[in-house]
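Written out below as structure tokens is the structure these notes cover.
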Amino acid sequence: MLPDRFGHFDGFGGRFVPETLIYALDELEQEYKKAKKDASFIRDLNYYLREYAGRPTPLFFAKKLSQRLGMKVYLKREDLLHTGAHKINNTIGQGLLCLRMKKPRVIAETGAGQHGVATATVAALFGLKCDVYMGKEDISRQSLNVYRMKLLGAQVIPVRSGSKTLKDAMTEALRDWVTNVRQTHYVIGTVAGPHPYPELVRDFQSVIGREAKKQILEKEGRLPDCLVACVGGGSNAMGLFHSFFNDKKVKFIGVEAGGKGLKLGEHAATLVTGSIGVLHGAKSNLLEDKYGQVSLTHSISAGLDYPGVGPEHAYYKKIGRAAYVAVSDKEALEGFRLLSEEEGIIPALESAHAVSYLAKLGKRLKKNSIVIVCVSGRGDKDMGIVTKKLKI
């Protein structure tokens with residue numbers, strides 16, 4: 001199973017970082033390899049996932065939504081986890097690695113704030129100092145999560161460069177890490193960045209797919225026809241997809257942010273429209289202009305507002321294992337309303353992109369096809385945005 005020992009997914013991934021970070025990346029890789037074989041680490045990880053985060057999460061049959069769309073829709077309820085999203089799966093794992101490496105400080109980047117909250121939560125739990133980089137634009141549209149991070153004891157550092165969103169927050173976090181590498185662990189929140197992060201984050205998030213596979217076999221006696229998840233950097237999608245990789249009859253669909261339309265600068269649909277390049281330490285698909293400069297992006301959902309994507313997703317696209325589509329801001333709002341009205345579940349705007357695509361998918365699938373959708377987070381954080389955009 002990829003990546004290879006250099007962190008390559010058939011040409012994607014790898015390490016493109018300053019020499020200063022090679023030591024820290026090597027240290028992290030070696031510690032993770034040891035931890036995976038350490039029964040005490042696995043025991044601690046499973047304990048915190050179960051007793052603290054709230055795993056396993058339910059696989060809920062959305063009866064009304066299924067009747068409306070003409071297929072069997074199951075929702076993987078990551079929104080029910082502590083902190084309100086799937087991000088806690090990864091931060092618990094990386095927090096435990098940080099303790100093993102005896103580093104007293106963690107840093108993180110965040111867009112929608114869910115990864116920042118999850119990192120701040122684990123830092124409080126394990127007694128670590130925590131600084132979170134967040135774009136000024138995202139601070140404005142995700143003020144609730146900013147308050148939550150501060151309440152948990154983290155310092156939220158505004159990033160005012162570039163588009164003032166997730167890309168720029170990640171850039172500043174990497175600059176911090178270069179300066180403070182001996183005492184600091186960078187908790188990257190998605191399956192992007194330099195090796196070993198794409199593999200490491202994927203492995204921590206793969207609990208989503210392992211549970212979903214077991215649950216759907218118990219409920220239906222067979223595997224699903226299709227898996228659907230939103231994709232920004234791509235951690236919730238990869239977490240769902242990974243355990244089904246060898247089940248070739250199960251289709252994967254990643255739903256990206258189509259924003260205002262597919263004109264460069266107005267969306268974040270990296271795999272739908274992007275090209276191959278290097279961003280934040282790894283080779284993957286990204287959005288860039290004709291001069292090779294990383295493009296500005298837009299999405300109503302801060303968590304999808306990123307011009308790159310994890311290298312394993314780029315690999316999935318290359319080999320045809322997954323299909324990637326784009327959903328506009330307007331369609332995402334329709335998905336937000338749809339799940340709320342039909343099932344009484346208010347999703348994050350990121351997850352609403354995946355929900356929205358179900359209507360199009362239903363026209364292509366046979367009746368009673370089984371679809372699993374990852375509801376990666378809950379929508380509390382997005383109420384300020386939605387109340388301005390959605391008339392009720």
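The values are calculated or read from the model by the stated rules, or taken from the named source; none is laboratory data. None of these values were measured; they are calculated from a predicted model. Note that we place each Cβ from the backbone using ideal geometry, even for glycine, and neighbour counts take in every protein chain shown. Ligands, DNA and RNA are stripped out before the accessible areas are found, and what is left, the full protein with its side chains, is counted by its heavy atoms. Shrake-Rupley method; radii C 1.70, N 1.55, O 1.52, S 1.80 Å.
Miscellaneous remarks
- Magnitude of the charge dipole for the chain, about its Cα centre and with charges confined to Cβ atoms of Lys, Arg (+1) and Asp, Glu (-1), is about 920 debye.
- From the Kirkwood radius over Cα pairs of the stretch 115-168, Stokes-Einstein at 20 °C and 1.002 mPa s returns a whole-number translational diffusion coefficient of 194 µm²/s.
- Selection from His313, Val371, Ala323, by position along the positive dipole direction of the stretch 307-392 (Cβ): Ala323
- Scattering curve values for the stretch 172-235, log₁₀ I(q)/I(0), Debye with Cα scatterers, q = 0.12, 0.14, 0.26, 0.30 Å⁻¹: -0.46, -0.57, -1.13, -1.23
- Accessible surface of the chain, 1.4 Å probe, proportion on carbon and sulfur as whole %: 52
- Solvent exposure of the stretch 59-194 as accessible area per residue, Å², 1.4 Å probe: 34
- Cα Rg over Rh - the stretch 58-211, Kirkwood: 1.03
- Accessible surface computed residue by residue for the stretch 219-359, with neighbouring protein chains in place and a 1.4 Å probe, gives 33 Å² per residue.
- Residue among Lys87, Lys164, Lys366 with the largest mean-square fluctuation in a Gaussian network model of the chain, springs linking Cα atoms under 10 Å: Lys366
- Charge dipole magnitude, Cβ of K and R +1, D and E -1 - the stretch 111-170, Cα centre, debye nearest 20: 100
- Note on surface exposure: Asp10, Asp38, Asp79 rank Asp10, Asp38, Asp79 by accessible area, highest first, 1.4 Å probe.
- Here the alpha carbons of the stretch 186-284 define both size measures, Rg and Dmax, at 15.1, 45 Å.
- In order along the stretch 304-310, the Karplus-derived 3J(HN,Hα) couplings, from 6.51 cos²θ - 1.76 cosθ + 1.60 at θ = phi - 60°, round to 9, 7, 9, x, x, 7, x Hz, and Gly and Pro are given as x.
- Length released on extending from Leu151 to Lys391, taking residue separation times 0.36 nm less the Cα-Cα span: 83.2 nm
- Taking Cα centre as origin and charging only the Cβ of basic (Lys, Arg, +1) and acidic (Asp, Glu, -1) residues, the dipole magnitude of the stretch 121-216 rounds to 160 debye.
- Furthest towards positive pole of dipole, Pro196, Leu262, Asn180, structure part the stretch 172-264, Cβ charges: Leu262
- With N counted as the residues of the stretch 125-250, its alpha-carbon radius of gyration over 2.2 N^0.38 Å works out to 1.29.
- Dipole-positive endmost among Gly209, Leu49, Ile300 within the chain (Cβ charges, Cα centre): Gly209
- Set the Cα radius of gyration of the stretch 280-392 against 2.2 N^0.38 Å, with N its number of residues, and you get 1.20.
- Of Arg5, Arg100, the order by accessible heavy-atom surface (1.4 Å probe, DNA, RNA and ligands excluded), from most exposed downward, is Arg5, Arg100.
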